[in-house]
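Here is the structure we will look at.
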Amino acid sequence: MYRLMGSLIMAALLCLSVTQTAQAEDSPNKFGIQLGGGYGIYDMGDVELGVDYLLQNVDGGVATREDGGIMGNLALIYRPGKHQIWEIGYNPLFDVENLVEFKSGDSAATGQLLMHANEFYAKAGVTTDLAKRLQLALGLGVAYYNCEMQIQDEFNGRFYYDAVGRAFGLIGTVGLELGLSKRVGLFLTGGGRWANAANFSYESSPGNRTSVPVLGGTRAMEVNLSGGFAQAGFRFYFDPLTKPVDFTR
């Protein structure tokens, strides 16, 4: 995994170094802000096993399974050249709830596995012109994930609140940007992420954190965030970071 990550990053950096030979007039040196949102799907890992375990604990229980949810996007972008783009951003991965419910007369019980995560990423990309105002972009980056789980098992009286796991991963994207004006662009991106959140722990008592086991087992729980996603939004460009020095003055 780490060897693959290194190879992909080196390939992206090589592509970027080639574009540095562009003429000065092709280097806009633009920076800006990217705002958007989208939808992502996830492997979910041990969450699926947890739902199956809860169903085994109750006769007649009904499961609602989810493996995707909406996501936001906020990023800083920098374009040092006509065919280069750098992006540092944050994607909130909103709630994905898997639920098991049981009702019989006046009695009811619920089992819930609720996941959400924060994705912080840095990505390098290369672009090419498809039309006068339309560009195709390929991007590759690394990401850090802070994944939170809330597990309520009313069938067995087991509760884990604010359980946190972490992971590093890779993201890859392919996208289009349509220039609406000199300072505004509309983007559409699709891609995938590879990350597996592990080492989940919760505060079992004040100041004491305890590992979270997979439901129905003893090994540590894992939530696989790998999967595809799609995003859309706007890019707002501003003046160059630095202006050329006039040596004739």
Being part of a strand (DSSP E or B), in contact with a strand residue (DSSP E or B) (Cβ under 6 Å, 6 or more places away or on another chain) and surrounded by fewer than 20 Cβ atoms within 10 Å (Cβ to Cβ) narrows Ala117, Ala122 down to just Ala122
Worksheet item: Could you say whether any residue in the range 55-68 is modelled with pLDDT of 95 or more and not in a loop (DSSP other than H, G, I, E, B)?
Response: yes
How many residues of the range 177-193 are surrounded by 17 or more Cβ atoms within 10 Å (Cβ to Cβ) and either among the basic types (Lys, Arg) or under 15 Å from Thr127 (Cα atoms) (or both)? The answer is 5
Filtering the range 84-121 down to residues that are acidic (Asp, Glu) and over 29 Å from Gln56 (Cα atoms) yields Glu87, Glu119
Filter the range 135-165 for residues that are in contact (Cβ under 8 Å) with a residue 60 or more places away in the chain and not in a strand (DSSP E or B); the one that is surrounded by the most Cβ atoms within 10 Å (Cβ to Cβ) is Phe155
Determine, yes or no, whether Glu101 is surrounded by 19 or more Cβ atoms within 10 Å (Cβ to Cβ), acidic (Asp, Glu), touching a strand residue (DSSP E or B) at 6+ places or on another chain (Cβ under 7 Å) and more than 23 Å from Glu203 (Cα to Cα). no
**Prompt:** What do you reckon, is Arg65 surrounded by fewer than 19 Cβ atoms within 10 Å (Cβ to Cβ), within 26 Å of Lys182 (Cβ to Cβ) and charged (D, E, K, R)?
**Reply:** no
Checked against (1) on the phi > 0 side of the Ramachandran plot; (2) without any contact (Cβ under 8 Å) to a residue 60 or more places away in the chain; (3) assigned to a loop (DSSP other than H, G, I, E, B), Gly216 satisfies every condition except (2)
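The values are calculated or read from the model by the stated rules, or taken from the named source; none is laboratory data. Values in this document were obtained by computation on a predicted structure and should not be read as measured data. Ideal geometry is used to build each Cβ from the backbone, glycine not excepted, and the neighbour counts take in all protein chains shown.
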